[in-house]
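Novice: I'd like to ask some things about the structure below.
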Amino acid sequence: LLSLPIGTIERWPHRRLLLVGLVLITGGMFAVPLAQWGPASWQAPWLLVGHVLSYVGLAFFFVHSAPFVLSITMGDWQNRALAWQSATLAVAGFTGGLLGGYLPGWIAVWLNLPVEHPTPYQYPLLLAAVLLSFAFFVFVRMPEPVIEVMNPAEITGGSRPSKVTQWSDPIWIFILLILVVRMLQVAAPGAII
């Protein structure tokens, strides 16, 4: 639900909004595993805030990453860059899911703890947050892409279209379907966790 309003932010460039997303994701990812060390009465709200921060940051990332990739590539490389981005996210998700299924068990054996203990899950989450903070510092050093601003009349090849999108247009039905599918995809693993 946040992706729609986040996608309308035009005041700042995509790179800066990606940095906001990375800060939120990293903060949330550090908050979740550190909840174990807080007072018991604060652990549930702490976990909730950490997850909310991470998902708000992910909304910033997913909405602004494709426009940013398009702004730093040209011509045929734009299609290739977007394809690589999609493939990388899919492979990372698959690998992370597979590794995430085994890693806590391995760490539990290594630390001689039961799998039900939170520590075997805490270390991989902390490692992910540390690695993501390195990505933030790498991204900060990237230069701001130079974007040529075009007149809307040049983009459309004449005057701007006068049609206003209505709620009954097929695009909104498509967006609603994607929204429901994505919510179900996230809700299923969330209910299990």
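The values are calculated or read from the model by the stated rules, or taken from the named source; none is laboratory data. The model shown is predicted, which means the values in this text are computed figures rather than measured ones. Neighbour counts are summed over all protein chains in view; Cβ atoms, including those assigned to glycine, are modelled from backbone coordinates with ideal geometry. In case anyone asks, the SASA skips ligands and DNA or RNA and just uses the protein heavy atoms, side chains included. Shrake-Rupley method; radii C 1.70, N 1.55, O 1.52, S 1.80 Å.
Novice: 7 Å from Cα along Cα→Cβ at both A66 and V109: what's the point-to-point distance in nm?
Specialist: That separation, rounded to one decimal, is 4.2 nm.
Novice: Looking at segment 1-40, which trypsin sites (Lys or Arg not before Pro) are DSSP coil and have at most 15 other C-beta atoms within 10 Å of their C-beta?
Specialist: Answer by residue number: R11.
Novice: Which value, in Å² rounded to 10, gives the accessible area of M74 with a 1.4 Å probe and all protein chains present?
Specialist: Ignoring ligands and nucleic acids, M74 comes out at about 150 Å².
Novice: Could you give P(r) for segment 80-134, binned at 5 Å from zero, as whole percent values over all Cα-Cα pairs?
Specialist: P(r) over segment 80-134, rounded to whole percents: 4, 18, 19, 20, 17, 10, 6, 4, 2, 0.
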